[in-house]
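First up is the structure itself, then whatever we jot down about it.
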Amino acid sequence: MVSTLLILAGYVLLGELVLLGLATAVFIDGTKRAEARRHATRRLRERAPWLGILVGVLVVNKLVRDVIPEISWLIGWNITPVIHRFEGALVADLQSVATPTATLYFSFVYIYGYVFLLVFPFIVYLALEDHKPMQTTAAAYTLNYALGLLLYVLFVSYGPRNLIPDLVQPLLYNTFPQSQILTSAVNTNTNVFPSLHTSLSVTAAGLAYLTREQYPAWAVTAAVLAVSITAATMYLGIHWVSDVVAGVALGVLCLVLARRFVTRRETE
């Protein structure tokens, strides 16, 4: 199992490196790339504290991931029946229009597009002299993961493919069976409300919009990816519509709070 996981992770890493390399060449002009190389050490040093906090939160998330369900069952609220009564077979209805091409596309953006959308901002904003975009990115991601962790403790929720497997198909796993090894390594069945895929994608797209004057093409690309990833979470049967709505709200909230925090620190 471990060797298979490492091999799959290697394939994903290779794919991401290709995507990031191509995006760097397409979205960042030669002048900015040259400046980034010359000043990379200084710029990273200036932004290191913000990046360090994000890394710390990610480490905590990884360490407590396996115990969250146990804590959640003790103090949390199982909202799965509530969501199911409210939505019914809405996700199943969405899957009724599934096609092999659409499934392939949404599977790709869910795995590769999501990681790319989250990682590329750190590259594209390193090419800017202004350090606020990268600091805001780190702060917004930190809030997403921290608040998401809290909500996972407070709410127990099983995704539609787990609750109603007779109606909702696990299209991602049917198309790429080995992807289940990767997803199980970073998530659990009860961590679906809210959708962090959605919240982080919305946050990344919002950040891209804020820097649309410097990177107009990236702003459009990020928006398309965010919409695609959000749709993929439902199309693939992973999240309820309620998870996505909550994810959108969380993503916007984290972006707003991060901007205010970074701006306030700048004026102190």
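Each reported figure results from applying straightforward, stated rules to the coordinates on display, with no laboratory input. If you're wondering where the values come from, they're calculated on a predicted model, not measured in any experiment. Here Cβ is always computed from backbone atoms with ideal geometry, including for glycine, and neighbour counts include all displayed protein chains.
Okay, here's what the table says:
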{"item": "Span-rule helices in the chain, defined as complete DSSP H runs reaching 24 Å or more along the axis (Cα) with Kyte mean at least 1.6", "result": "2-27"}
{"item": "Total formal charge among the other residues, if their Cβ is under 14 angstrom from that of A25, Lys/Arg +1 and Asp/Glu -1", "result": "+2"}
{"item": "Segment 105-157 and segment 203-268: distance between their alpha carbon centers, rounded to Å", "result": "8 Å"}
{"item": "Relative contact order (%) - criterion: Cα under 8 Å, at least six apart; region: the chain", "result": "28 percent"}
{"item": "Net charge dipole size for segment 2-267 [Lys, Arg +1 and Asp, Glu -1 on Cβ; Debye, nearest 20]", "result": "880 debye"}
{"item": "Nitroxide proxy distance, nm - points 7 Å out along Cα→Cβ at V60 and N78", "result": "2.9 nm"}
{"item": "Packing-based exposure ordering (other Cβ within 10 Å, fewest first) of V192, V227", "result": "V227, V192"}
{"item": "Whether segment 191-268 is rounded, prolate or oblate, judged on the alpha carbon gyration tensor where a/c under 1.5 counts as rounded", "result": "oblate"}
{"item": "Calculated [θ] (222 nm, deg cm²/dmol) that DSSP helices of n ≥ 4 give over the chain, each run adding -39,500 (n - 2.57)", "result": "-25000 deg cm²/dmol"}
{"item": "Rg/Rh (Cα only; Kirkwood hydrodynamic radius) as it applies to segment 90-158", "result": "1.13"}
{"item": "Potential lengthening between Q178 and A40 on full extension [0.36 nm per residue; Cα-Cα distance subtracted]", "result": "46.0 nm"}
{"item": "Relative packing of 231-243, 213-225, which averages over residues the other C-beta atoms within 10 Å, highest first", "result": "231-243, 213-225"}
{"item": "Selected from V12, V202, V91 as most flexible by GNM, with the chain as the system and alpha-carbon contacts under 10 Å", "result": "V12"}
{"item": "Overall dimensions of segment 2-267 as given by Cα atoms, namely Rg and Dmax in Å", "result": "18.8, 57"}
{"item": "GNM flexibility winner over the chain from Q178, Q169, Q95 (Cα, springs under 10 Å)", "result": "Q178"}
